[in-house]
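Here's the structure, in structure tokens; my notes come after.
The values are calculated or read from the model by the stated rules, or taken from the named source; none is laboratory data. Since we're looking at a predicted model, the values are computed, not measured. FYI the Cβ positions are ideal-geometry reconstructions off the backbone, even for glycines, and counts take in every protein chain you see. Heavy atoms of the whole protein, side chains included, go into the accessibility calculation; ligands, DNA and RNA do not. Shrake-Rupley method; radii C 1.70, N 1.55, O 1.52, S 1.80 Å.
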Amino acid sequence: MSPLVQRQRIKGTEDAAVTGQHWSMLVFESLSAGVMAVLVGLLAVMVIVGVYVIVVWPLTFWDLTNSGLEKYGAWVNTVLWSVFGGGSLAGFWLFSGLAFKTKTVGKRPGEATRAKSPSRG
């Protein structure tokens with residue numbers, strides 16, 4: 001006898017059958033994508049500051065004291081939450097499978113099809 005035996009599959013809920021994963025795992029993956037987006041932004045800021053500290057400041061001694069960056073300090077919290085939210089939504093879009101579902105473009109039901117006439121030359 002063959003070691004492979006066909007067995008009946010257990011029918012789950014409709015939602016689990018469509019997405020293939022539990023909703024809590026989808027939320028965890030989406031929030032993780034948001035955290036990764038914030039970390040990528042933090043890494044970009046660290047690279048920019050590193051280049052400034054290694055290249056610009058030793059050559060120019062320009063320490064940004066009179067640059068007026070303090071007026072943008074209130075926006076930092078909004079920008080961080082926006083990047084986190086955008087990353088979470090992008091993660092949900094990818095991990096839920098919505099990014100990979102393609103819509104098939106077909107003929108409309110009432111549309112008539114013409115046969116091509118042979119070209120005479």
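Residues in region 28-43 that are open to solvent by 40 Å² or more (accessible area, probe 1.4 Å) and within 14 Å of residue 82 (Cα to Cα): how many?
Qualifying residue count for the region: 7.
Which residue pairs have Cβ atoms closer than 9 Å, lie 6 or more positions apart in sequence or on different chains, and pair a first residue in region 93-108 that is farther than 17 Å from residue 24 by Cα and part of a loop (DSSP other than H, G, I, E, B) with a second residue that is open to solvent by 90 Å² or more (accessible area, probe 1.4 Å) and at pLDDT below 70?
107/113
Which is touching a Phe, Trp or Tyr at 6+ places or on another chain (Cβ under 8 Å), over 21 Å from residue 97 (Cβ atoms) and modelled with pLDDT of 75 or more, of 56, 49, 40?
56
If I ask for residues that are at pLDDT below 65 and either under 30 Å from residue 34 (Cβ atoms) or open to solvent by 80 Å² or more (accessible area, probe 1.4 Å) (or both), which ones from region 78-109 would you list?
Filtering region 78-109 for residues at pLDDT below 65 gives 106-109.
Listed by number, the residues that qualify are 107, 108, 109.
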